[in-house]
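Q: My questions all concern the structure below.
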Amino acid sequence: LVKSGTTWHTAGLLWQLRPSDTEVELLAHTRNVISSELEEETGLETGWIQNGGLFIASNKQRLDEYKRLMSLGKAYGIESYVLSPAETKDLYPLMNVKDLYGTLYVPKDGTMDPAGTCTTLSRAATARGATVIENCPVTGIQVKVDDLGIKRLKAVETAHGTIQTPCVVNCAGVWATKLGKMAGVNVPLIAMHHAYVVTERIEGIQNMPNVRDHDASVYLRLQGDALSVGGYEQNPIFWEDVSFVCDIFSVFDLISTTQISVHILFFILFFCFPPESFTADHKPLMGEAPEVRGFFLGCGFNSAGMMLGGGCGKELAHWIIHGRPEKDMYGYDIRRFHHSLTNNNRWIRERSHESYAKNYSVVFPFDEPLASRNMRKDPFHQVLQEQGCVFQERHGWERPGWFNRDGPAPILDYDYYSAYDVPKNTDYKYSEILGKEYTFDFPPHHDVIRDECLTCRNAVAVFDMSYFGKFYLTGPDAKKAADWLFTADVNKAPGSTVYTCMLNKRGGVESDLTVSRLEPSPAHLPLTPESNGEAYYLAIGGGVAQHNWSHIQAVLQDQGFHCTLIDHTEDMGMISIQGPKSRELLQEVLDSDLSSDAFPFSTHKIVNAAGHKVRAMRLSFVGEMGWELHIPKESCLPVYHAVRAAGAKYGICNAGYRAIDSLSIEKGYRHWHADLRPDDTPLEAGLAFTCKMKTSIPFLGRKALEAQKAEGLRRRIVCFTVDEKVPMFGLETIFRNSVPVGHLRRSEFGFAIDKTIGYGYIRNPDGGVVSPDFVRSGEFTLERMGVTYKATAHLKSPFDPENKRVKGIYG
């Protein structure tokens, strides 16, 4: 463990509620360790003070966000209350409540003493056999290449000698980038000055809760009979540009905007601008680096290292020992970033600045970054932009979100929110559209997405899905590798396409994807690879492509399979033509018979489309009859234009991922990293049909699934519909017979059934099996922002439960 961070100046705050179920669980573990477990084990105090937390709202949207947190907290038994200004004044007499809209009070929040906590942790570690060596600088890291050509950690060089080790954890904070370079590992973080001040004694401040004024971007931590005050400004000082100095007037500006009595302004005792590391999405960097096996990251905590450290430390330990963490840590996994971004200085700097500047902004469901856009664009980008496409950013890609009826909304270069004398972008249509999305109600363009969805349901729509990862698995051991990697039996006849999952050892889903078995022949790339054995084509959701690439490579290496994984994501585009009219339309574009007998569901062929060779797959992610066309890059636009021209008489429309989100949840399809994650098994997620359990073929995670099946499911995914037209976005608490049993992972409005739909995993409060009868016999409600709504539970999708439409059976 290589450790050097910013613990010495941290505020030591611990809040229990965050807009992420995983983070709520991580914070809960930290709180348990700090408030009780460490002291019980060592007899030493961590300095834990449970004085509560108070979140200030100065407008309705902010209070709505707090109400969402309050509702989520009920699923985890976290006590919290929304207070009026008058109630807030009773709780915190020194506070000026004149401009308050309301507050959220969490009584069991608190603070820890950083020095005391670290001392106690090190004592506990040494008692269990660990050795702590201080003042021992790292001077180098040795990496070796094994017989398979894989880079692995070998040793750590220090000023006092070399330590031979197959594993190192980079916890070096703002110096983590430098340490990574020693091993050839990209660590995408940047150091900034992070301001805080400490006041002199303030009469009456004792025992008051800690405060976060998100709208003023300031926190106030109780420090005895004084306050420690810090915040996040829009023009932070990058560490490499300015020496360690402080502009006290900037600090005054920050403090003067808070709701606390202005007496604080006259009692500044101490101020400091220490360094802190920040990342592109304001999430830590964790997990095994894709460049070097055995090199782990535990850095970039964005001023939240103390509060997240306990939970993240436990998960990182599981990661190292067992190969995967226990919880869903994808949002922290270094592999969430594409390798083309992690060494791109512009992307790191711009995106990290924006995440710092927006740290305390309201977390809206459909927000998108403005920094470092247009990093990865597919061949359709320009033509779709001209047709009004409002793009989303995923994994560096610009992918279609929805189509604006008011013309193009191009994304401009980042203006740093006009900081650093950068001219502010004016007449910025894309930013204005995003601003209208800043709501917890239905957005203004709700009807536009409805029209895209219903056109797909009733006629035909074309979706650009080019950001999907497109990999080939080939080589002598490709069949063995496919059997081990994939839960479904993908070794069917060439020309078959199978929906399947990839699991970890515990049976958790690392990915869902389609695998197409190819004819082994030395044909032309990128449609067919040269292979001296079996060959498979893998299509994987683009947001997790880097994660899955690394997962597959690690499995191939660990199992010693002799095969090759080839990435052709950038060489190909992909459009999906879906809807009742898709066959009639495509029959005019493709030179192949598209009847169900000649081209059945879950098959693929290489065909000619408007004179260009493409791989056509009969698949659907929206619950309609349709085909995907996987197209060499140079042929993308001619094929797209041919599809659009032929589709005009059928009423074709462009549609984006906002429509896919609605259509797919309506049909009951899973969305990876929403209602399908590495801490979910296929049995819990209703995907047992993807697992070859009736065969004797072993696959990764099979033993865990067999054990779970024998024991019975302790949690199960359930579909809920709400008759009232109310927007839900996920994190709403699920009650069964008035008892909380889980929360929604994902929710959208289903336009064909005209209802809100949500999916969530529920548990039996008694710890027993969650059987279908347990679901059927309960009365369910969903709580949204403190208001409960009656919900109907479904074990099957309420839309086309017999799967007729994907088979082309309409009417």
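The values are calculated or read from the model by the stated rules, or taken from the named source; none is laboratory data. Only a predicted model underlies this, so the values are computations on that prediction, with no experimental measurement involved. Here the Cβ is made from the backbone with ideal geometry for all residues, glycine too, and neighbour counts use every protein chain on show. Surface accessibility is based on the protein's heavy atoms, side chains included, excluding ligands, DNA and RNA. Shrake-Rupley method; radii C 1.70, N 1.55, O 1.52, S 1.80 Å.
Q: Relative to the Cα centre, what is the charge dipole magnitude of the stretch 662-794, using +1 at the beta carbon of each Lys and Arg, -1 at the beta carbon of each Asp and Glu, and rounding to the nearest 20 debye?
A: Values: 20 positive and 16 negative charges, 96 e Å.
Using Cβ point charges on Lys, Arg, Asp and Glu, the stretch 662-794 gives about 460 debye.
Q: With a cap of 12 neighbouring Cβ atoms within 10 Å, and only residues DSSP puts in a loop, list the trypsin sites (Lys or Arg not before Pro) found in the stretch 100-208. Intermediate results must be reported in sequence, preceding the final value.
A: On the way: sites: LYS108, ARG123, ARG128, LYS144, LYS151, ARG152, LYS154, LYS178, LYS181, ARG201; in loops: LYS108, ARG128, ARG201.
Of the trypsin sites (Lys or Arg not before Pro), the ones in loops of the stretch 100-208 whose Cβ has at most 12 other Cβ atoms within 10 Å are ARG128, ARG201.
Q: Simple spin-label model, 7 Å along Cα-to-Cβ: HIS641 to LYS505 in nm?
A: Placing both labels 7 Å along Cα→Cβ, they lie 5.5 nm apart.
Q: Additional query: Roughly how tilted is helix 345-357, in degrees to the nearest 10 and between 0 and 90, from the longest Cα axis of the chain?
A: Result, in degrees: 60.
Q: A further question follows. Among 438-446, 462-470, how do they line up by average Cβ neighbours within 10 Å per residue, starting with the highest?
A: So the peptides 438-446, 462-470, ranked by packing, come out 462-470, 438-446.
Q: Could you report the accessible area of PHE689 in Å², rounded to 10, computed with a 1.4 Å probe on the protein chains as they sit in the structure?
A: Number for this one is 150 Å².
Q: Charges only on Cβ, +1 for Lys and Arg, -1 for Asp and Glu: so what's the dipole of the stretch 558-684 about the Cα centre, in debye to the nearest 20?
A: Taking the Cα centre of the stretch 558-684 as origin, the dipole is about 520 debye.
Q: Put +1 on the Cβ of each Lys and Arg and -1 on the Cβ of each Asp and Glu in the chain; which of PRO476, MET192, GLY668 then has its Cα farthest toward the positive end of the dipole?
A: Highest projection toward the positive end goes to PRO476.
Q: Let me ask something else about it. Sticking with the crude label model, points 7 Å out along Cα→Cβ, report the distance from LEU148 to ARG776 in nm, one decimal please.
A: According to this spin-label approximation, the distance is 4.8 nm.
Q: Between SER340 and ASP413, what's the calculated FRET efficiency when r is the beta-carbon distance and R0 is 22 Å? Round to 0.05.
A: 0.75
Q: If you count only protein heavy atoms and use a 1.4 Å probe, how large is the accessible surface of VAL229, to the nearest 10 Å²?
A: The accessible area comes out at roughly 10 Å².
Q: Could you work out, for the stretch 662-794, what percent of all Cα-Cα pairs fall into each 5 Å distance bin, beginning at 0 Å and stopping at the bin that holds the largest distance?
A: Cα pair-distance distribution for the stretch 662-794, in percent: 2, 10, 21, 21, 19, 14, 7, 4, 2, 0.
Q: Can you pull out the chymotrypsin sites (Phe, Trp or Tyr not before Pro) in the stretch 292-339 whose DSSP state is coil and whose Cβ has at most 16 other Cβ atoms within 10 Å?
A: On the way: sites: PHE295, PHE296, PHE301, TRP319, TYR330, TYR332, PHE337; in loops: PHE301, TYR330, TYR332, PHE337.
Loop-located and lightly packed - none at all.
Q: For helix 657-667, what angle does its Cα long axis make with the longest principal axis of the chain, in degrees from 0 to 90 and rounded to 10?
A: It is inclined by approximately 70 degrees.
Q: Another question, if that's okay. Helix 60-75 versus the longest principal axis of the chain: what is the Cα-based angle in degrees, 0 to 90, to the nearest 10?
A: So the inclination is approximately 80 degrees.
Q: Roll a 1.4 angstrom probe over the protein heavy atoms and tell me the percent of accessible area of the stretch 662-794 that is carbon or sulfur.
A: Looking at the stretch 662-794 in its full context, I get 50 percent from C and S.
Q: Tell me the volume per residue, in Å³, of the convex hull enclosing the alpha carbons of the chain. Don't jump to the answer; show the numbers that get you there.
A: Working: hull volume 135.7 nm³, N = 811.
Considering the Cα atoms of the chain, their hull volume per residue is 167 Å³.
Q: Given an 8 Å cut-off on Cα distances and at least 6 residues of separation, report the relative contact order of the stretch 285-384 as a percent.
A: The value is 21 percent.
Q: Here is a follow-up. How would MET375, MET286 line up by accessible area, probe 1.4 Å, largest first?
A: MET375, MET286
Q: Which one of THR10, SER777, GLY129 is farthest out on the positive end of the charge dipole of the chain, using unit charges on Cβ (Lys, Arg +1; Asp, Glu -1) and the Cα centre as origin?
A: Ranked along the dipole, the leading option is SER777.
Q: Give me the extension gain from GLU570 to GLN553: residue separation times 0.36 nm, minus the current Cα-Cα distance, reported in nm with one decimal.
A: Extra length from GLU570 to GLN553 when fully extended: 4.2 nm.
Q: Hey, another quick one. Would you tally the net charge around LYS796, using a Cβ to Cβ cut-off of less than 11 Å, leaving LYS796 out, and scoring K and R as +1, D and E as -1?
A: Overall, the nearby charge balance is -1.
Q: Sorted by accessible area (1.4 Å probe), largest first, how do CYS312, CYS653 line up?
A: So, going from the largest accessible area down, we get CYS653, CYS312.
Q: With r as the distance between the Cβ atoms of ASN59 and ASP421 and R0 = 30 Å, compute the FRET efficiency 1/(1 + (r/R0)^6) and round to 0.05. Walk me through the numbers on the way to the answer.
A: Working: r = 30 Å, r/R0 = 0.98.
E between ASP421 and ASN59, to the nearest 0.05, is 0.50.
Q: So, one more: Would you please give the FRET efficiency between TYR76 and ASP406, computed as 1/(1 + (r/R0)^6) with r the Cβ-Cβ distance and R0 = 45 Å, to the nearest 0.05?
A: Efficiency, rounded to the nearest 0.05: 0.60.
Q: Then there's this: Using the heavy atoms of the protein chains alone and a 1.4 angstrom probe, what is the accessible area of the chain per residue in square angstrom?
A: Accessible surface, normalised per residue, equals 39 Å².
Q: Given Cα pairs under 8 Å that are at least 6 residues apart, what percent is the relative contact order of the stretch 662-794?
A: Working: 231 pairs, mean separation 36.0, N = 133.
Here the relative contact order equals 27 percent.
Q: Something else: Of TRP402, TRP48, which has the most accessible area and how do the rest follow, probe 1.4 Å?
A: TRP48, TRP402
Q: Along the charge dipole of the stretch 662-794, Cβ charges K/R +1 and D/E -1, which of PHE720, PHE689, GLY701 sits furthest on the positive end?
A: Projecting each Cα onto the dipole axis, the largest value belongs to GLY701.
Q: Something else now. Distance cut-off 25 Å, Cα to Cα: go down the list LYS633/LYS804; LYS480/LYS694; LYS492/LYS807; LYS436/LYS725; LYS470/LYS796; LYS605/LYS796 and report the pairs above it.
A: Working: LYS633/LYS804 33 Å; LYS480/LYS694 18 Å; LYS492/LYS807 20 Å; LYS436/LYS725 20 Å; LYS470/LYS796 31 Å; LYS605/LYS796 31 Å.
Exceeds cut-off: LYS633/LYS804; LYS470/LYS796; LYS605/LYS796.
Q: In addition: For GLU706, tell me the accessible area in Å² from a 1.4 Å probe, rounded to the nearest 10.
A: 80
Q: Work out how much length GLN50 to VAL769 would gain on full extension: take 0.36 nm times their residue separation and subtract the Cα-Cα distance, in nm to one decimal.
A: Taking 0.36 nm per residue and subtracting the Cα distance, the gain is 255.2 nm.
Q: Is there a quick way to get the dipole size of the chain? I mean about its Cα centre, with the Cβ of Lys and Arg at +1 and of Asp and Glu at -1; what is the value in debye to the nearest 20? Working shown, then result.
A: Numbers: 85 positive and 97 negative charges, 394 e Å.
The calculated dipole for the chain is roughly 1900 debye.
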